[in-house]
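The values are calculated or read from the model by the stated rules, or taken from the named source; none is laboratory data. These figures come from a predicted structure and were not determined experimentally. Cβ atoms come from the backbone with ideal geometry, glycine included; neighbour counts cover every protein chain shown. SASA here: full protein model, heavy atoms, side chains in, ligands and nucleic acids out. Shrake-Rupley method; radii C 1.70, N 1.55, O 1.52, S 1.80 Å.
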Amino acid sequence: MKGSRKQTVNSVAMHNLNLGFVDSYFRKRIPGFMNVNTLSAINLERLITTMKDAYAKSSVPNKVQQRSYEGDIQNAAISGQHYPINTQTIKPFTYTHKPFGYSVLDFNPDTGEFIVYNKQEWNENNYYKSVTQGKSSLPSLMQYVPMGMEIEVIYRNNAARYMQCDECREYDEDHEVELETFCENADCNSDDVSNDLSNLAANPRVKAYKFLAELNIAFGSVTKNSEPVWIVKNDATVDLEYVSMPMTLRAWRAGLELADYLFQSFKVASEWSKAFYGPCGGHIHLDKDVFNNTYQYYAFLSMHYDNPKFIAAIAQRPIDSNSQWCYLQKPNEFAKYAKHKLRSPNRGAVNVSNSTIELRYFRSNLKIDRLLKNLEFAQSLFHYTSQLTYQDIARDKAHNLKYYLLWIKAYRNTYSNLFKYLVERKWIKYTERKNLGWQLVYGDDNQMQPDSMEINNIENNNGGNW
């Protein structure tokens, strides 16, 4: 997982590179998370080969869950601290377990490598100030806020109240009704309980561990002695909570795409578990220290408190009397609250603790495009507010929703999952017929860039300095 930060230049066209180690579908997905050049293509091939080998050998980090002991399963050889994939059952940690410390996972799009760095380097800037003087590192890394994620799931068919498939439940939620839609799927409207341990491959607790193992491997944690990048915890309100290490958006894109290509992890997980269901949430954690500018922090929080309907749309949740998640009452003396980074007065949609900002409003999900939409929203809001000055906020009211939406339209390639979602939900009008598939857009200095068509629109409509 460790690698050089040295930037590779002189990229060549994809069709001139040997990408025969992947199928044509995934080949088209690669530019979405990686700049294709000779070095990155070679490293990606090595990475995929290593991941396949790790899965075949059940080479999973020892610390992904509580240790297994000999005698749990008959006629199964231990692999590290756990039994092999398709044999091992899930053994969650307690809810208070926090193993990741200050580590952050990144993915270098120029070299095709996962990299772990210390969060203090990001916060203090010292490391990057020293290495960027030689123009040999990645100054764009400073734009990407570390984001940890929690994905809550419940087992299918373990209670009669979980009686809709994800598609039907999502349809009902979108139309603000409950338990009205049922399809022909065998898992829909079924209360057949089956937790027979004699058939381990069919046991959802075995599949839950398989999902955990695949996530670690797909995000680059491929040896028994590696530090895990995903763990699983017990949660009193749901069955399991999958918790990630803090990662940059670049790492999220690479890892999710690799998990889908190598294992179809999320599609398979949706067959034994439910995530898009009332009790399940998908939380995103940001380090509070990344907001070292009071104006940015004020604007970031204001975008939430001043736009509850928009936040509900992003969260894919309705607003009603039962929606405790959307408690977005603005704190008293909000300017003082933002300046001193005070704790939240309540545990609502945005929960601010001593060290983190937890965005708790997202509905849990097992669809990659929806997970990326949520991550892109958090990253884009950080990116947008980081460019605002006091004048932009005080004089031009640039922290109003309409300016953010205009900005997203300009950055529609950088945040394409979010942009596509906002167009579908009619928050953004966009009629140009073009491929909405997402891709990263880098300038010569590796900085995220807006679509050139929209730069003048931003300046003319807002009048600010950003």
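Side notes on the structure shown:
- Looking only at residues in region 377-392 that are open to solvent by 20 Å² or more (accessible area, probe 1.4 Å) and under 29 Å from the mean Cα position of the chain (by Cα), the one that is farthest from Asp289 (Cα to Cα) is Thr389.
- Only one of the listed residues (Ser226, Ser221, Ser270) is within 23 Å of Gly101 (Cα to Cα), of a type in the set (Ser, Thr, Tyr) and surrounded by fewer than 24 Cβ atoms within 10 Å (Cβ to Cβ). That residue is Ser226.
- Residues in region 393-411 that are more than 21 Å from the chain's Cα centre (by Cα), farther than 15 Å from Met303 by Cβ and open to solvent by less than 20 Å² (accessible area, probe 1.4 Å): Ala410 alone.
- Scanning region 100-113 for residues that are open to solvent by 10 Å² or more (accessible area, probe 1.4 Å) and either touching a Lys or Arg at 6+ places or on another chain (Cβ under 9 Å) or without any contact (Cβ under 8 Å) to a residue 40 or more places away in the chain (or both) returns Gly101, Tyr102, Ser103, Glu113.
- Contact map, region 416-442: first residue closer than 14 Å to Ala313 by Cβ, second residue of a type in the set (S, T, N, Q) and at pLDDT 50 or above, Cβ cut-off under 7 Å, separation 6 or more or different chains; pairs are Leu418/Ser380.
- If you go through region 362-410 and pick out every residue that is in a loop (DSSP other than H, G, I, E, B) and under 26 Å from Ala254 (Cβ atoms), you end up with 6.
- Where a residue in region 253-270 is of a type in the set (Phe, Trp, Tyr) and its partner, wherever it lies, is buried (at least 23 other Cβ atoms within 10 Å of the Cβ), with Cβ under 6 Å and at least six apart: Phe263/Glu214; Phe266/Leu366
- Tally, over region 334-361, of residues that are in a strand (DSSP E or B) and under 30 Å from Val268 (Cα atoms): 2
- Sole exception among (1) surrounded by fewer than 20 Cβ atoms within 10 Å (Cβ to Cβ); (2) within 18 Å of the chain's Cα centre (by Cα); (3) over 19 Å from Ala378 (Cα atoms) for Asp287, by number: (3)
- Test set (1) modelled with pLDDT under 70; (2) assigned to a loop (DSSP other than H, G, I, E, B); (3) open to solvent by 20 Å² or more (accessible area, probe 1.4 Å) - Ala201 fails condition number: (2)
- Test: residue in region 34-57 that is open to solvent by 50 Å² or more (accessible area, probe 1.4 Å), modelled with pLDDT of 90 or more and in a loop (DSSP other than H, G, I, E, B): yes
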